């Protein structure tokens, strides 16, 4: 596969692995946070950890769109479906646990009309095909998925679609990274030590590399914007380690084949035409994060599900014992959670991090549990 | 036959007609549909007798029976349709014991309003698949459900076969040290189905690999009767099949990603749909486990067969009672190949 295989080459990986080992100072540890679930997924799917020296550690961040959506928002989507709207959403969202052991997939089984779509255009088509039903697009995701939602709203406006609305849950990456760096666990308590960041790849293709300049400087942490292929991750690791060794705190761009300093200005324009920044938004794991999400502008109010329907102010909270919040902040590892692999597995997810393949718990479980003595003990106990 | 013609004064209009409730009522309309569609195309003596069962001499030896319900959507896809699929699927389930498939039964659940012309296409393709395979459909059943209560056509087929002496093939028989072989490229069927889904249409040359594998199996067991395990990696793909076998046999499995045959087009389609080809369905592939020293001989026989020209040795069985399936990735790392969680793609067969 052209443009992909080149970035999965075993021989180059071996060379990079040697270079990283040479560059990494054996007298210290390197803790590098990948913000994006896409990186988490690549690291596990390709076994990148096996090519790293023992003192280079990946700390998994909160950048998995379905993982960070707080339970009350999922409850709201369920509420909309139960009120008779056709709710359209991306596939991963279907199985994310909501309050009272509910989920969209269970609500669908109970009779609600919930449809998995691959793009916002599918949702628009469903709205056109069902003029007598309210069709709500349950919009989630970071800056990457936001422009298509903006386009859908503009198309709906142009067509005068009366029955199409968007339940907007789009969130912003820089605000979340800054929030993590400002959290007491990182700043004061020293519970989480992060030496550097892998910057998002797809998100950065939209917003560019410039938005990271501020916190590289303010928090004295190097950032390397990295592509989602395994060689990208390895090359970026080498770049981060070099910066750390040389005590540089710069934003470097490994993903130059896609990301520019300015980003995709056309996409930015259409997003700012349709959306504005919320004062605050709740993130699962991070709590209320100021200026970290988008809402639909007044001008497009008729396409805003939050304005058209009265939604209950949610109170749903995470299941007791679920460590998703701490895992999303990088404070704990999936294996620190008592529920991991015992009652919480991808087949029966209790927390959101176990649902999507971009969630760290699901990645640990699905790709990496053979490494874990704990998992072996669990499997033995289950077999007995 | 002259008596029959009297029963049905006019022939069914296959070109423009539609399935209606009378076609499953047990009355004359049903009898006519059976006569002019199923008996006509399936065309064999046992079915033509018109009994509610097919009677035949029991062959000597161990018999196997297998059933498979087919609900694929869409009903027609590149490389086949629900008719051919329902024949291949069940023949393969029978054959994976090493058996020679003998007869099939077919149960149709039809939705009111379904075009008879399309139904005839399905039945004709089913009849051709059965004829090509040499495994006739000897008994059947037809039911009709109201509009909206089905999805056009559902077909359930049952197959029976007989296992040649000297074979002992089972999912529980894989042993540490065995070599694991696959008969060809993975993921073709799943990608062909996806490419023809209404909300997902993308252009690809990929066709379903749907095929009856009993001929291949016959060649394999004749050459290497020591084969321990055979299975066709259908729903859940290669990953699900290997996890089932690892669990049944209480062994570990190690795969080598570089050796797994995968078409560039399938790889690319999976890449942009966010799917892992290891989990994508096949309908004309099998995996075989045999003692390592027999692997080369088995590979040679497989590659000589038209359905397995791209066969490859893809892994080995390890002594691990936890049943982990791991894979050395093409990138040089190691990962688990887990059971499929949730539903990767509904209604693939």
Using Cα atoms only, what is the angle between the long axis of helix B:264-273 and the major principal axis of chain B, expressed in degrees (0 to 90) to the nearest 10? 80 degrees
Determine, from the Cβ-Cβ distance of residue B:318 and residue B:51 and an R0 of 51 Å, the FRET efficiency 1/(1 + (r/R0)^6), rounded to the nearest 0.05. 0.45
For residue A:194 and residue A:276, what does the FRET efficiency come to when R0 = 45 Å and r is the distance between their Cβ atoms, rounded to the nearest 0.05? 0.90
Helix A:373-383: angle to the longest alpha-carbon principal axis of chain A, degrees 0 to 90, nearest 10? 60 degrees
Relative to a virtual label point 7 Å from the Cα of residue A:319 in the Cα→beta-carbon direction, which members of region A:331-352 show backbone nitrogen distances below 16 Å? A:334-352
If each DSSP helix of 4+ residues adds -39,500 (n - 2.57) and the sum is divided by the residues in chain A, what number results at 222 nm, nearest 500 deg cm²/dmol? -10500 deg cm²/dmol
What distance in nm lies between label points placed 7 Å from Cα along the C-beta direction at residue B:121 and residue A:297? 4.8 nm
Helix A:265-274 axis, angle to chain A major axis (alpha carbon atoms, nearest 10°): 40 degrees
Exposure proxy order (Cβ contacts within 10 Å, fewest to most) of B:16, A:242, A:45, B:28: B:16, B:28, A:242, A:45
Residue B:222 versus residue B:256: modelled label distance in nm, points set 7 Å from Cα along the beta carbon direction: 3.0 nm
Hey, rough spin-label estimate for residue A:54 and residue A:246, points 7 angstrom out along Cα→Cβ, what's it come to in nanometres? 2.9 nm
So how do A:272, A:201 line up by other beta-carbon neighbours within 10 Å, fewest first? A:272, A:201
Counted neighbours (other Cβ, 10 Å), sorted fewest up, put A:203, B:87 in the order A:203, B:87
R0 = 25 Å: FRET efficiency of residue B:128 with residue B:60, Cβ-based, nearest 0.05? 0.25
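None of the figures in this text is laboratory data; all of them are computed from the coordinates on show. Predicted, not measured: the structure shown is a model, and the values here were computed from it. Positions of Cβ are generated from backbone atoms using ideal geometry, with glycine treated the same way; all protein chains shown enter the neighbour counts.
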